[in-house]
Every structure is written in structure tokens, then in C-alpha cells.
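The values are calculated or read from the model by the stated rules, or taken from the named source; none is laboratory data. None of these values were measured; they are calculated from a predicted model. Here the Cβ is made from the backbone with ideal geometry for all residues, glycine too, and neighbour counts use every protein chain on show.
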């Protein structure tokens with residue numbers, strides 16, 4: 001019996017080791033999904049803490065303060081996040097120059113958007129007190145931290161260091177949760193205190209992974225002019241997509257902050273945050289699927305199609321469960337006061353699922369070196385989103401915002417699928433799983 005069991009035990013131990021530390025993209029994907037589950041759970045925990053202790057109005061103020069650094073960091077690194085992965089995969093011998101050029105580009109863009117943000121905040125937050133506006137302006141220093149985190153995370157992904165890519169994404173949420181717990185033990189939580197904990201946690205996370213980043217890529221800042229040009233060439237083509245994606249992601253809150261009172265914004269923020277549980281795989285897809293498909297050549301469409309089918313099956317099951325259990329979960333987790341957000345939650349979980357599916361197809365366009373097509377579709381999506389938001393929010397408030405996002409998300413996914421045939425000249429992916437898909441996954445696990 002031992003002669004039979006020993007090989008099986010060895011195979012199990014080997015599979016567990018590969019899953020924990022292996023760098024093959026399929027194992028990296030599974031590991032990243034696990035990381036995203038942890039991140040989602042921590043985000044839910046921090047959302048519960050802030051909602052229960054701040055209430056709807058305080059939660060709205062917290063959203064109005066914390067929106068700007070991640071948004072401006074995305075704008076500062078628009079196109080650069082994809083360019084870093086692409087260049088490291090195509091030019092691994094010059095990883096030090098790529099890393100140095102990316103850091104310089106990210107920090108330079110951060111300074112520009114920090115200055116712009118300081119000027120624009122009083123216009124968007126005119127309904128808030130001068131003290132709240134001033135505090136939000138001071139917090140714009142976190143833009144540089146967020147931009148550096150994006151560059152570091154994408155550099156790890158491009159160099160195949162998927163474990164550290166996941167860690168870079170995980171640590172800010174972990175540190176924020178710990179910081180909130182620490183504040184609760186010694187003081188009363190306020191919107192300003194929760195926001196400060198968020199930004200300081202992000203800085204601590206960047207400092208924690210920076211030594212590994214330096215040891216792995218040895219970034220240099222001299223004689224990188226050629227690499228800056230290469231990054232700029234790809235970034236300029238991908239930047240419109242990144243810029244539009246950022247505005248699409250945050251357009252609802254950009255419209256809601258000046259138009260809604262803080263209390264209603266707080267209800268919307270809880271529904272939106274909780275609905276993002278269906279997007280736990282999106283960061284893994286963006287970093288690792290692009291890295292894998294960029295090196296696959298003609299096999300990239302197959303990777304894309306199989307990923308789409310597995311996601312559709314998983315997302316459909318999750319949406320059905322959350323649609324029926326959402327109201328109870330909101331009341332149980334955030335307090336009975338927030339059950340009023342259940343209708344918003346139902347619309348937003350469907351919108352979030354469409355966003356995940358669209359992001360998979362975006363990676364196929366990027367891997368085929370067609371970022372300009374993505375930029376065009378994103379621009380159309382943004383136009384649709386803004387038109388719907390500006391039409392529906394004044395009439396229906398937060399419910400109008402949720403409906404607008406759902407409509408724009410459906411338009412985006414349909415346009416991306418249509419472009420697969422019309423632009424990439426590829427057949428449309430089959431949408432349902434079959435035995436061939438499972439055999440492919442098993443073969444990759446055994447490879």
C-alpha cells in the first residue's frame with residue numbers, strides 16, 4: 001500500500017509547491033485569484049468598519065476625500081502600466097532601464113496631476129466644508145505613492161515575479177485594516193482618520209516591497225533615454241484607453257460628489273463597494289493574463305477564449321446568489337440602515353460582472369499590440385456613461401448612477417466582442433464551457 005500511496009503523496013506535495021511558489025502563468029493565475037479573495041475580504045472588512053462607525057453621512061465624506069489619489073494616480077500612469085509589462089516581456093535584458101524609466105515617468109506624471117487636483121478639488125467639493133476640502137488637498141501627496149505602487153506591481157508582473165505582484169496589491173489593504181483596528185482601540189474613528197489610515201497604509205506597503213523591487217530589477221536612472229522613448233511610444237497609444245478607463249471607473253462618483261448630499265453618497269458607496277466582490281479576479285487578469293498572452297503569439301486567442309468561458313460560468317453563479325441574498329447581507333454586514341441600498345446593489349453586481357468580462361477581452365487587444373482600438377472603445381463607453389449619468393442622476397439620484405453604469409458597461413463589452421471579429425479578424429469566442437476546456441486546464445496543471 002505504501003508503494004502506491006507514496007507516488008500520489010509526492011505528486012500532491014509537488015502540486016502544492018508549484019501552486020504556492022511556481023511562476024507558470026496558470027499557477028500564477030490561481031495564486032492571484034486566491035490573493036484577490038483575501039483582498040476582497042479585507043476590503044469588505046474595512047468597508048464594514050467605516051460604514052458602521054461613520055454612518056451613511058460619514059461614509060459619504062470619506063468617499064469624497066479618498067476618491068482623488070487613486071484616480072489621479074491612474075491618470076498619471078495611464079498607458080504606462082501596460083507599457084511596463086509589455087516592455088519587460090519583450091526586452092528582459094534591459095529590465096533595469098525599463099524599471100528606472102517607468103519610475104521616472106510615473107513620478108513625473110504624479111506631480112502634474114497633484115497640482116491639477118489641488119486646483120480642481122474646490123470645484124468638485126463645493127458642498128463640503130473648507131476644512132474637509134483642505135484635508136483632501138493635503139492628501140493628494142498620496143498620488144505619488146499610488147503611482148509608484150502601480151509601477152512596482154506591473155514591473156513584478158512583467159518580470160514573472162507574480163508572487164510579489166500579488167503581495168504588492170495585498171499589503172495596502174492589509175495595512176489599512178490593521179490601522180483601522182488600531183484606531184478603534186485608542187480613539188473614535190472619523191472620516192479624516194479613516195482616510196489618513198488608508199493613505200499611510202499605502203505608503204507603508206510601498207516601502208515594504210521596494211527592497212525586493214530594487215534587488216530584482218536593479219532600476220537605473222542614467223542612460224535610459226532610449227527606454228523612455230520606447231515606453232512613451234507604447235504608453236501614448238495605450239494612454240487614451242487608460243485615461244478613459246480611469247474616468248469610466250470613477251465617473252459615477254465624479255458626478256455624484258457635487259450633486260448628492262453626503263448621506264446619499266454614503267449609501268451608494270456601500271452598495272458599490274460591496275458589489276465589487278465579483279471583481280476579485282480583475283487585477284490578476286490585468287497583470288498576469290497580459291503578461292502570459294504577450295509571450296504566446298498565435299496561442300493568445302485560445303487563452304482569452306477559455307478565460308472568458310470560465311469567468312462567465314463563475315460570474316453567473318455569483319450574481320444569482322448575490323441578487324437574492326444581497327439585502328440580507330447588506331443589513332447583516334453594514335447595519336439595517338444600509339438595507340436601503342439593496343436596489344443599487346442589484347444593478348451594480350451585474351455591471352461589475354460585465355466589467356470583468358470586458359477586461360479579459362481588453363488584454364487580448366493589448367497582447368496583439370492594438371491598444372488604440374481599446375482606447376476608441378473606451379472613449380465611446382465614457383461618452384455613453386457621462387451622457388447617462390448626467391441625464392439620470394439629476395432625476396433619480398444614486399439609482400440613476402447605478403443604471404447608467406450598467407448601460408455603459410453593456411455597451412463596452414458588446415463593442416469589444418464585436419471588435420474581435422471586425423478588427424482582430426478572429427472568430428467570436430464560444431461563451432459556454434465544454435469538455436475541451438476542462439482538458440486544456442488539466443493539461444496545463446500537469447505540464
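Tabulated data for the structure shown
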{"read-out": "Residues being in a helix (DSSP H, G or I) and either out of contact with any helix residue (DSSP H, G or I) (no Cβ under 7 Å at 6 or more places or on another chain) or surrounded by fewer than 13 Cβ atoms within 10 Å (Cβ to Cβ) (or both) - total across the range 185-199", "value": "3"}
{"read-out": "Residue match in the range 151-160 (condition: assigned to a helix (DSSP H, G or I), surrounded by fewer than 18 Cβ atoms within 10 Å (Cβ to Cβ), at pLDDT 90 or above and under 21 Å from the mean Cα position of the chain (by Cα))", "value": "no"}
{"read-out": "Test: residue 85 is in contact with a helix residue (DSSP H, G or I) (Cβ under 8 Å, 6 or more places away or on another chain) and in a helix (DSSP H, G or I)", "value": "yes"}
{"read-out": "Which numbered condition residue 78 fails, given (1) part of a helix (DSSP H, G or I); (2) crowded, with 17+ Cβ neighbours inside 10 Å; (3) modelled with pLDDT of 65 or more; (4) within 22 Å of the chain's Cα centre (by Cα)", "value": "(1)"}
{"read-out": "Only one of 103, 107 that is under 17 Å from residue 203 (Cβ atoms), in contact (Cβ under 8 Å) with a residue 60 or more places away in the chain, assigned to a helix (DSSP H, G or I) and within 22 Å of the chain's Cα centre (by Cα)", "value": "103"}
{"read-out": "Test: residue in the range 212-222 that is under 20 Å from residue 54 (Cα atoms), in a loop (DSSP other than H, G, I, E, B) and touching a helix residue (DSSP H, G or I) at 6+ places or on another chain (Cβ under 6 Å)", "value": "no"}
{"read-out": "Condition broken by residue 187, with the remaining ones in (1) in contact (Cβ under 8 Å) with a residue 60 or more places away in the chain; (2) closer than 23 Å to residue 47 by Cβ satisfied", "value": "(1)"}
{"read-out": "The one condition in (1) out of contact with any helix residue (DSSP H, G or I) (no Cβ under 9 Å at 6 or more places or on another chain); (2) modelled with pLDDT of 85 or more that residue 347 fails to fulfil", "value": "(1)"}
{"read-out": "Unique match (being at pLDDT 90 or above, more than 21 Å from the chain's Cα centre (by Cα) and surrounded by fewer than 19 Cβ atoms within 10 Å (Cβ to Cβ)) among 90, 21, 52, 14", "value": "52"}
{"read-out": "Scan of the range 365-387 for residues that are at pLDDT 85 or above and surrounded by fewer than 22 Cβ atoms within 10 Å (Cβ to Cβ), ordered by number", "value": "373, 376, 379, 380, 382, 383, 384, 386, 387"}
{"read-out": "Residue under evaluation residue 421, criteria (1) surrounded by fewer than 19 Cβ atoms within 10 Å (Cβ to Cβ); (2) touching a helix residue (DSSP H, G or I) at 6+ places or on another chain (Cβ under 7 Å), criterion not met", "value": "(2)"}
{"read-out": "Filter result for the condition that a residue is modelled with pLDDT of 90 or more, part of a helix (DSSP H, G or I) and touching a helix residue (DSSP H, G or I) at 6+ places or on another chain (Cβ under 8 Å), over 357, 390", "value": "390"}
{"read-out": "Selected residue (only one of 302, 309 is assigned to a helix (DSSP H, G or I), touching a helix residue (DSSP H, G or I) at 6+ places or on another chain (Cβ under 7 Å), farther than 23 Å from residue 43 by Cα and at pLDDT below 90)", "value": "309"}
